[in-house]
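**Student:** I'd like to ask you about the structure that follows.
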Amino acid sequence: MNITAYIDPGSGSYLVQMIIAGILGIAFYFKTIWATIKSFFGGRKEIPKDKEKNE
C-alpha cells in the first residue's frame, strides 16, 4: 500500500500562513491578559501627558 500526499505550493503557503497567524494570535492574547493582571496588582494607573501639564 503506497499512499503519497501532495500539497501544492499555494496550499502549503496558506497552511504556513495560518500556523503563523495562530501563533501570533495566541501570543497577543496572553500579552493582553498579562498586562491586565499586571495593572490589577500593580495599582498604578498611567496619567496621560495632557493631564500632567494641567495640574
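**Student:** With respect to G10, is the statement that it is among the small types (G, A, S), modelled with pLDDT of 95 or more and part of a helix (DSSP H, G or I) true?
**Tutor:** no
**Student:** Go over the candidates I20, I47, I33 one by one and state the one that is at pLDDT below 90 and β-branched (V, I, T).
**Tutor:** I47
The values are calculated or read from the model by the stated rules, or taken from the named source; none is laboratory data. Computed from a prediction, not measured in an experiment: that's the story for all the values here.
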